[in-house]
Amino acid sequence: MKKTMVSALTAALVLGAASTTFAAANPFSDVPSDHWAYDAVSQLAQDGVIEGYGDTTFQGDKNITRYEMAQMVAKAMAKASAGNVQGADKALIDKLAAEFSDELNNLGVRVANLERNADKVAWHGTAEYTFQHYMNKNEAKDKFNSRNNVLLRLLPDAEVNANWHVKARLDANSFLDEDSSSNPAVEDNGKVALKRVWAEGHYGDMRYMAGKYEFPDPDTITDTVMSGVEVGYLPATGWNAQIGAGRFNLGDHYTSTKDTAADSQYVHVGYKQGKFNAAGAFYHLNAEHMDNYNESGAYAKGTTDDANIWTGKGGYQFDNNWGLKGFYAENTEADYYKKAGSVELDYKGSQLQNAGTYGVWVAYRHFGRNAFVSSPWDVINLDRNGEKGWELGGNFVPFKNTIVTLRYGNGEYLDNGKDVENLFGRVNFLF
């Protein structure tokens, strides 16, 4: 969204510089997709320093060039020189001017010798409250049939140089129920934990990562992290690809032994153009005596040391209001509960920058436990050996950077057909 907003600003702020001679190295190269300049220019637009931001109905996801970015910075510098910009916005303009000084000089804008990497560390994050209630009676939830917790998540991003950043995620999760201390799943209640830390480099459309980072497909079957390396080709549109290898903690998903580490390799290939996007991936997991769940719902120990999971997903945005998306996954090494899939119809969508926006959806989901690396789903999920059923949901932005989400799930267990009913609510404050 930030890149597309900046792209729209570019069209409104183009300067007449066609006859300029360029001395800087490749001023027409793309600004990397996660460069801090997108955030900075977006903030200046929100504060009214840069004009031209429209009604947020942008199409596409196009990177912009260093020359285009310099054009916008020049416009902001003109306002600052007139004394119309103060405080944090002025500091942002100075930082942008230092970063794009060569391009600005080519435009005839003189730039003082400012520090390129001033304010090297940017902090973002979220504070969220989550309530979840299982309205069905079942063995797994007799004692813990509600979830009631607050989470503070911090996302530092430290700039090393123009190409490399070091990123991390820290979580402090506090369960509010008085009896939650007896639940082994929340034994670290209230403690701050370093969940991820990795180095990330961008060279044009290429991205390189090393450390503890997120798998691809965290929105379908892989909501977890691995320690390893990844190489990605990630242009804004057209074909993209990621390949990675490393190790990750299986927890108690595939094995009855906690803290078992598995080797993992994956390949992810995608395509996006206009209103259409699609992707396919293969994940290979290997650990000694890896367990899959068998027909009776018990661990099938020793049957294989591998999991081979294939997945495909896609989506199409029909217009500004309606969209359709879905995925399918299968673990070819499992005999039971080896398939998962979902089809979801979306109407509208909340926009964090615009109070009053909202979105609603309806979906049918079928989740076999063995088809997942780690599930991200809330109301139709992986209790016992998996579930299937309908989900209704919606989200709403009551004011900027705050979003309220509600989900309701109704279905049944895959292994015994008993009813499942689940209610989920969350409030996110993003910063």
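Assorted remarks:
- Our analysis of the range 304-431 gives Rg over Rh at 1.03, with the two radii drawn from alpha carbon positions and Rh computed by the Kirkwood formula.
- Solvent-accessible surface (1.4 Å probe) assigned to Phe396 amounts to roughly 90 Å².
- Alpha carbon Rg of the range 193-242, scaled by the compact-globule rule 2.2 N^0.38 Å: 1.20
- With a simple spin-label model that places each label point 7 Å from the Cα along the Cα-to-Cβ direction, the separation between Asn161 and Gln43 comes to 2.5 nm.
- Fraction of accessible area attributable to carbon and sulfur, the range 315-431 (%, probe 1.4 Å): 56
- Neighbour cut-off at most 11 other Cβ (10 Å), DSSP loop, chymotrypsin sites (Phe, Trp or Tyr not before Pro), the range 317-364: Phe318
The values are calculated or read from the model by the stated rules, or taken from the named source; none is laboratory data. Values in this document were obtained by computation on a predicted structure and should not be read as measured data. With ideal geometry, Cβ positions are generated from the backbone for all residues, glycine too; neighbour counts draw on all protein chains shown. With ligands, DNA and RNA removed, areas are computed over all heavy atoms of the protein, side chains included. Shrake-Rupley method; radii C 1.70, N 1.55, O 1.52, S 1.80 Å.
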